[in-house]
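Chemist: I am attaching a structure below and will ask some questions about it afterwards.
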Amino acid sequence: VYAARAEAAAKALHDAGAKHIYLAGRPGELEAPLRAAGVGDFIFAGGDALAMLKAAYEHIG
C-alpha cells in the first residue's frame, strides 16, 4: 500500500498544512520520494523510540 499511496497521502497532508509527518515502517528505496512529499520521520520496530519521542516533543514545543 505504501508504494501505491503513501507519497500521495503525505503530499496531501503536507499541502493541507501538516507541520511534521510520521510514517510507520521502514521506507527502504521509497525514502527519497516520501521525504520529498513531506514525510519528516519514519517510525519502525528497532528504531530509537526515546529519541523519536524527544524529537516529537520538540516539534510541538
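Chemist: Is the chain best put as rounded, prolate or oblate by its Cα gyration tensor, with a ≥ b ≥ c the root eigenvalues, rounded for a/c under 1.5, and otherwise prolate when a/b is larger than b/c, oblate when not?
Modeler: The shape class here is oblate.
Chemist: Would you please give the residues with an amide H less than 5 Å from that of Val39, counting only those at least 5 places away or on a separate chain, with H modeled from the backbone geometry?
Modeler: When sequence neighbours closer than 5 places are left aside, there are no close amide H contacts.
Chemist: What are the trypsin sites (Lys or Arg not before Pro) within the range 12-61 that DSSP puts in a loop, where the Cβ has at most 13 other Cβ atoms within 10 Å?
Modeler: On the way: sites: Lys19, Arg35, Lys54; in loops: Lys19.
Within the range 12-61, the qualifying trypsin sites (Lys or Arg not before Pro) (loop, at most 13 other Cβ atoms within 10 Å) are Lys19.
Chemist: Still on this structure, please answer the following. What accessible area per residue, rounded to a whole number of Å², is obtained for the range 1-60 using a probe radius of 1.4 Å?
Modeler: 73
Chemist: Now a separate question. Pop a pseudo-label 7 angstrom from the Cα along the beta-carbon direction at both Arg5 and Ala32 and give the gap in nm to one decimal.
Modeler: Spacing of the two 7 Å Cα→Cβ label points: 2.6 nm.
Chemist: Just from its helices, what would the mean residue ellipticity at 222 nm be for the chain, if runs of 4 or more DSSP H residues each count -39500 (n - 2.57) and the sum is divided by every residue, rounded to the nearest 500 deg cm²/dmol?
Modeler: Working: 3 runs with 28 residues, N = 61.
Estimated from H runs of four or more residues: -13000 deg cm²/dmol.
The values are calculated or read from the model by the stated rules, or taken from the named source; none is laboratory data. In this text, all values refer to a predicted model and were calculated from it rather than measured experimentally. Cβ atoms come from the backbone with ideal geometry, glycine included; neighbour counts cover every protein chain shown. Surface accessibility is based on the protein's heavy atoms, side chains included, excluding ligands, DNA and RNA. Shrake-Rupley method; radii C 1.70, N 1.55, O 1.52, S 1.80 Å.
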